[in-house]
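I have placed the structure first, in the form of structure tokens, so that the comments after it can refer back to it.
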Amino acid sequence: MPPKSHDKSETPELSVDLLLHSPSISVRDIYCAGTCKGHSPEEHATATELVFPYRGTYVRHVGRDQSVAEANQVLLFNRGEGYRVSHPVEGGDASLSLFLSPSLLAELSPVSLLVDRSEPTYKTQRLRVDTRTQSLLATLRHRLRQGVAAPMEAETLALALVEHTLGPRVAHTAGGSSGRQRLVDRAKLAIASDLGRRWTLADAAAEVRCSPVYLTQVFQQVEGIPLYRYQLRLRLARALDLLEKYEDLTQLSLDLGFSSHSHFSAAFRETYGKSPSAFKQSALGR
């Protein structure tokens, strides 16, 4: 969940690392312990930002609307907008937050997403992201945390990430009635609670108390992709996060619920265009 300022800060609940700060772009790595399961007190965004969850899950509540924040989404925070946060899934969460100057953000944002272009304000509170966005995000975060990205390279990566994320051929706004969106949200939370589990449609449908056929149809309508592919992207996004911590990629694949290292590598290469080891080399320099 996003903090109240752009400075590095730490509390028992929240840790914020400022990874990049220039006159036009700031990048923060935000860790939240996620101990508060109920709604937090209302906070107000101090700036318009794009927040990319990459680990764990939480829910942001804006008025009567809610968004499940996980690695297949980007959350759009409008300056001055009130919101609350809850953590129905244990384990905490982490997000990368990007602040761009209003002029840059206006230049990169399609008119169709904006209420106000003079000071960019978004119509929706979330967009689904694609696998290219996940790859760019992981590369930016790893290279900044490892200290191998020069400021100009980091700014260029950040701009490419925002431009690609908001592009009209990439951005996907949730569709369907509020009831269907809530059903899909419950399915997301169930799956996110155990990424290593080898879920079946029957398992997921039982969690949300509907038939497998109905869940499949509704999820496709709301998210624009099948539930199985959505789950696969969550697991692979978690792999992007964990690559720096694992020397044994076979163990990583098993921890994430893949049947074998070869299964994991094939899915990773098909999704991100590189093998796990090649991505690790390019992002981390090792």
Quick check on the stretch 149-159. Is at least one of its residues more than 22 Å from S67 (Cβ to Cβ), free of Cβ contacts under 8 Å to residues at least 60 places away in the same chain and under 17 Å from the mean Cα position of the chain (by Cα)?
yes
Is there any pair with a first residue in the stretch 174-187 that is farther than 23 Å from L113 by Cβ and a second that is at pLDDT 90 or above and buried (at least 17 other Cβ atoms within 10 Å of the Cβ) whose Cβ atoms are under 6 Å apart and which are 6 or more apart or on different chains, and what are they?
L183/V208; L183/V218; R186/V208; A187/A204; A187/V208
Flagged in the stretch 189-209 as surrounded by 14 or more Cβ atoms within 10 Å (Cβ to Cβ) and among the β-branched types (V, I, T), in numbering order, are I191, V208
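Take the residues in the stretch 85-108 that are of a type in the set (D, E, K, R) and closer than 25 Å to H142 by Cα; name whichever of them is modelled with the highest pLDDT. Full working, then the answer.
Filtering the stretch 85-108 for residues of a type in the set (D, E, K, R) gives 90, 93, 107.
Adding the requirement that they be closer than 25 Å to H142 by Cα leaves 90, 93.
Details: E90: 89, D93: 95.
Residue satisfying both the conditions and the ranking: D93.
When only residues in the stretch 20-52 that are in a loop (DSSP other than H, G, I, E, B) and either charged (D, E, K, R) or in contact (Cβ under 8 Å) with a residue 60 or more places away in the chain (or both) count, which is surrounded by the fewest Cβ atoms within 10 Å (Cβ to Cβ)? Walk me through how you get there before you give the answer.
Within the stretch 20-52, the subset in a loop (DSSP other than H, G, I, E, B) is 22-24, 33-42, 45-48.
Within this subset, residues satisfying the condition of being either charged (D, E, K, R) or in contact (Cβ under 8 Å) with a residue 60 or more places away in the chain (or both) are 22-24, 37, 42, 48.
Working: S22: 13, P23: 6, S24: 14, K37: 10, E42: 11, T48: 22.
Filtering the stretch 20-52 for residues that are in a loop (DSSP other than H, G, I, E, B) and either charged (D, E, K, R) or in contact (Cβ under 8 Å) with a residue 60 or more places away in the chain (or both), the one surrounded by the fewest Cβ atoms within 10 Å (Cβ to Cβ) comes out as P23.
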Using the structure shown, decide if S211 is closer than 28 Å to G91 by Cα and among the small types (G, A, S).
no
Considering the stretch 200-224 alone, what residues qualify as being touching a residue at least 60 places away in the same chain (Cβ under 8 Å) and either within 23 Å of S260 (Cα to Cα) or not in a helix (DSSP H, G or I) (or both)?
G224
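Would you mind stating whether A106 is free of Cβ contacts under 8 Å to residues at least 40 places away in the same chain and hydrophobic (A, V, I, L, M, F, W, C)?
Numbers: free of Cβ contacts under 8 Å to residues at least 40 places away in the same chain: yes; hydrophobic (A, V, I, L, M, F, W, C): yes.
Yes; evaluated as a whole, the condition is true for this residue.
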Does R238 satisfy the condition of being within 20 Å of V129 (Cα to Cα) and without any contact (Cβ under 8 Å) to a residue 24 or more places away in the chain?
no
Conditions (1) assigned to a loop (DSSP other than H, G, I, E, B); (2) over 29 Å from S15 (Cβ atoms) -> A106 fails only (1)
How many residues does the stretch 72-91 contain that are open to solvent by less than 20 Å² (accessible area, probe 1.4 Å), part of a loop (DSSP other than H, G, I, E, B) and more than 20 Å from A190 (Cα to Cα)?
1
When G257 is run through (1) farther than 18 Å from L137 by Cβ; (2) modelled with pLDDT of 90 or more; (3) within 21 Å of the chain's Cα centre (by Cα); (4) assigned to a loop (DSSP other than H, G, I, E, B), the failure sits at (2)
I'm trying to understand the selection: among the residues of the stretch 230-259, which are of a type in the set (A, V, I, L, M, F, W, C) and either at positive phi or open to solvent by 60 Å² or more (accessible area, probe 1.4 Å) (or both)?
L254
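S112 - would you say it is touching a Pro at 6+ places or on another chain (Cβ under 8 Å) and within 22 Å of L236 (Cα to Cα)?
Details: touching a Pro at 6+ places or on another chain (Cβ under 8 Å): yes; within 22 Å of L236 (Cα to Cα): no.
It is false that S112 is touching a Pro at 6+ places or on another chain (Cβ under 8 Å) and within 22 Å of L236 (Cα to Cα).
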Can you give me the number of residues within the stretch 260-285 that are open to solvent by 60 Å² or more (accessible area, probe 1.4 Å), more than 14 Å from T139 (Cβ to Cβ) and not in a helix (DSSP H, G or I)?
0
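For T133, are the conditions met, namely being in contact with a His (Cβ under 8 Å, 6 or more places away or on another chain), closer than 23 Å to F264 by Cβ and buried (at least 18 other Cβ atoms within 10 Å of the Cβ)? Give the derivation first.
Working: in contact with a His (Cβ under 8 Å, 6 or more places away or on another chain): yes; closer than 23 Å to F264 by Cβ: yes; buried (at least 18 other Cβ atoms within 10 Å of the Cβ): yes.
Answer is yes for this residue.
The values are calculated or read from the model by the stated rules, or taken from the named source; none is laboratory data. None of the values given here were measured: they were computed from a predicted structure. Neighbour counts run over all protein chains shown; Cβ positions are idealised from the backbone, glycine included. Surface accessibility is based on the protein's heavy atoms, side chains included, excluding ligands, DNA and RNA. Shrake-Rupley method; radii C 1.70, N 1.55, O 1.52, S 1.80 Å.
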